[in-house]
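Novice: Next up is a structure, given as structure tokens.
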Amino acid sequence: MWILFALLAVAFVVVGLATRRRTVAREHPASEDAQERARTEQEFADADAFEAKWREEDKDRYHQERLP
């Protein structure tokens, strides 16, 4: 029983690491230079800031709604 649990845990860790490695590879292709990488990181930061701003505005709008 414990051996099966250990094998499943190791398999999940290996799959998780492989998935993370592929995600990073897609975000930053090998042909990307430092300037392009910085621009990509800035775009991600801008998107995160926009999402945070949108959530704040939506939260305010939600509290202002009148329920029937």
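Nothing in this text is a laboratory measurement; each read-out follows from the coordinates by a stated rule. Since the model is a prediction, treat every value here as computed from it, not as a measurement. Cβ: placed from backbone, ideal geometry, glycine included. Neighbour counts: every protein chain shown.
Novice: Assuming 0.36 nm per residue, please report the length gained on full extension of the stretch V14 to E36 beyond their Cα-Cα distance.
Specialist: Result for the pair: 4.9 nm of gain on full extension.
Novice: Also, I was wondering about something else. If you take every residue apart from R55 with its C-beta less than 13 Å away from the C-beta of R55, what net charge results, scoring Lys and Arg +1 and Asp and Glu -1?
Specialist: Net local charge, R55 excluded: -3.
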